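Working notes, beginning with the structure itself.
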Amino acid sequence: MPRRTRLAILISGRGSNMAALIYAAKAEDCPYEPVLVSGNKPDAPGLDLAEAEGVAVERLDGKATGFWETLHEKLKAHGAEMIALAGFMRIIPRDFLEKWDGKIVNIHPSLLPKHKGIGVHEAVLEAGEKVTGASVHKVIPKLDSGNILGQVEVAVMPGDTVETLADRVLIAEHQLYPKVLSDYLGRFSDPEWLTEQVAQRALALPETLAKTSHGSPAWRVGSKSSGKFFAIMWIRHHGEDHVGLLVKCAGQDEMAGLIEADPDLYFRPQYYGPSNWIGIRIDRPDTDWEHIESWLYRSWVECAPARVAKLHKAAAEF
Ligand code: GAR
């Protein structure tokens with residue numbers, strides 16, 4: 001089983017979307033695990049439900065001074081890696097967003113980019129829409145405007161009121177949120193998606209081509225006959241549950257030092273380790289792809305024929 005992403009859920013009220021996320025996480029193959037429910041209303045009904053389900057709860061008051069700092073500390077203390085907003089009715093300040101850059105998602109009861117903000121169902125009825133729906137999106141400083149990760153349509157029925165429409169959209173939200181979040185987080189442990197991320201970066205380097213190494217996707221630099229491997233995918237080998245990338249490091253000392261400094265990130269791959277291949281885990285939601293890119297480049301320089309590396313280095317310096 002791949003490691004589950006540690007999810008915090010923030011609510012302000014009833015928490016029915018939170019409940020949908022918690023119940024979906026009871027499935028064994030769900031890629032996230034709710035580790036904390038919190039929000040800005042210490043007596044939000046959803047918090048009692050989370051407690052009853054055995055999820056840790058932090059009851060915070062959004063009006064208290066230092067609320068955002070306290071919330072950040074609680075999230076860290078519970079080891080949250082990702083935040084799902086579920087009816088969390090506070091605008092998030094920019095400095096908090098920066099601390100959780102790219103790691104916050106939200107559900108909104110409209111087909112974004114239509115009807116942002118509040119009073120959504122009123123606006124839908126007033127505009128005479130035939131179809132509305134719900135959207136799950138990444139959170140950025142601009143309200144309800146981040147990348148859309150998934151949407152579902154809901155028909156507006158003749159005679160619908162704000163209440164009947166909100167109730168029906170809510171049913172659709174409960175289906176949508178866990179599914180979209182699972183798909184989104186699932187890709188971080190999906191070997192195919194991860195291989196594609198590495199391939200794009202490896203093949204962006206000069207004179208490279210894809211070729212398998214003992215059955216694993218891998219990339220070579222140099223000519224077809226005399227080229228050398230500089231990157232190899234490490235996909236759940238020898239009963240391990242992780243996906244990593246093997247690249248060449250400077251030697252055994254560097255490898256030992258890196259693994260000691262960050263044993264969650266680096267590993268010594270069986271069979272490959274003795275020839276200076278170091279493993280880097282890439283199946284985590286917080287994988288730093290720029291860091292991976294710099295490793296690919298280092299490994300490429302190490303393995304490229306002198307002619308190619310030299311030309312490239314000269315070009316880079318120029
Ligand atoms: C949901 O309809 C959600 O989409 C909406 O609040 C409701 C919360 O219900 N969120 C927003 O409008 C965010 N701007 P819940 O507490 O039962 O999940």
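The values are calculated or read from the model by the stated rules, or taken from the named source; none is laboratory data. Keep in mind that what you see is a predicted model, and the values were worked out from it rather than measured. No Cβ is skipped: glycine too gets one built from the backbone with ideal geometry, and neighbour counts run over all protein chains shown.
It is to be established whether one or more residues within segment 56-68 are within 16 Å of the ligand (Cβ to nearest atom), more than 26 Å from Asp183 (Cβ to Cβ) and modelled with pLDDT under 95.
No, because not a single residue in segment 56-68 is within 16 Å of the ligand (Cβ to nearest atom), more than 26 Å from Asp183 (Cβ to Cβ) and modelled with pLDDT under 95.
If a residue must be surrounded by 15 or more Cβ atoms within 10 Å (Cβ to Cβ), touching a residue at least 24 places away in the same chain (Cβ under 8 Å) and among the small types (Gly, Ala, Ser), how many such residues does segment 54-84 contain?
3
Determine if segment 153-167 includes at least one residue that is closer than 24 Å to Glu33 by Cβ and either touching a strand residue (DSSP E or B) at 6+ places or on another chain (Cβ under 7 Å) or at pLDDT below 95 (or both).
no
Of all residues in segment 33-42 being more than 11 Å from the ligand (Cβ to nearest atom) and surrounded by fewer than 23 Cβ atoms within 10 Å (Cβ to Cβ), which is nearest to the chain's Cα centre (by Cα)? Outline the logic, then answer.
First, pick out the residues of segment 33-42 that are more than 11 Å from the ligand (Cβ to nearest atom): 33-38, 40, 42.
Those still in the list that are surrounded by fewer than 23 Cβ atoms within 10 Å (Cβ to Cβ) too: 33, 35-36, 40, 42.
Numbers: Glu33: 13, Val35: 16, Leu36: 17, Asn40: 24, Pro42: 28 Å.
Among those residues, the one meeting the criterion is Glu33.
Look through segment 229-258, keep the residues that are aliphatic (A, V, I, L, M) and under 24 Å from the mean Cα position of the chain (by Cα), and return whichever of them is surrounded by the fewest Cβ atoms within 10 Å (Cβ to Cβ).
Top of the filtered list is Ile235.
Residues are listed down the side, and each one gets a yes or a no for (1) part of a helix (DSSP H, G or I); (2) more than 16 Å from the ligand (Cβ to nearest atom); (3) closer than 23 Å to Glu122 by Cα:
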position: Leu143; (1), (2), (3): no, no, yes
position: Gly150; (1), (2), (3): no, no, yes
position: Pro158; (1), (2), (3): no, yes, yes
position: Thr164; (1), (2), (3): yes, no, yes
position: Ile171; (1), (2), (3): yes, no, yes
position: Gln175; (1), (2), (3): yes, no, yes
position: Ser182; (1), (2), (3): yes, yes, no
position: Trp219; (1), (2), (3): no, yes, no
position: Lys224; (1), (2), (3): no, yes, no
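Looking at segment 2-16, I want the residues that are within 30 Å of His237 (Cβ to Cβ) and have a partner that is of a type in the set (Ser, Thr, Tyr) and in a loop (DSSP other than H, G, I, E, B) with Cβ atoms under 9 Å, at least 6 apart or on another chain. Which pairs are those?
none
Specify which of the listed residues (Ala24, Ala50) is within 16 Å of the ligand (Cβ to nearest atom), under 20 Å from the mean Cα position of the chain (by Cα) and of a type in the set (Gly, Ala, Ser).
None of the others qualify; the one that does is Ala24.
Only residues in segment 239-251 that are β-branched (Val, Ile, Thr) count as the first member; pair them with residues that are part of a helix (DSSP H, G or I) and at pLDDT 95 or above, Cβ under 8 angstrom, at least 6 apart or cross-chain, and list the lot.
Correct list of pairs: Val243/Leu194; Val247/Trp295; Val247/Leu296; Val247/Arg298; Val247/Ser299.
Would you tally the residues in segment 85-140 being away from the ligand (no atom under 16 Å from the Cβ) and touching a residue at least 40 places away in the same chain (Cβ under 8 Å)?
Within segment 85-140, residues that are away from the ligand (no atom under 16 Å from the Cβ) and touching a residue at least 40 places away in the same chain (Cβ under 8 Å) number 2.
For Trp289, all conditions in the list (1) under 22 Å from Gly215 (Cα atoms); (2) in contact (Cβ under 8 Å) with a residue 60 or more places away in the chain; (3) not β-branched (Val, Ile, Thr) hold save one; what is the number of the exception?
It fails just one condition, (1).
Quick one: in segment 188-237, of everything that is modelled with pLDDT of 90 or more and among the basic types (Lys, Arg), which residue is nearest to Pro305 (Cα to Cα)?
Taking the candidates together, the pick is Lys228.
Quickly run through segment 1-21 and pick out the residues that are touching a Lys or Arg at 6+ places or on another chain (Cβ under 9 Å), within 10 Å of the ligand (Cβ to nearest atom) and outside any loop (DSSP other than H, G, I, E, B).
Ile11
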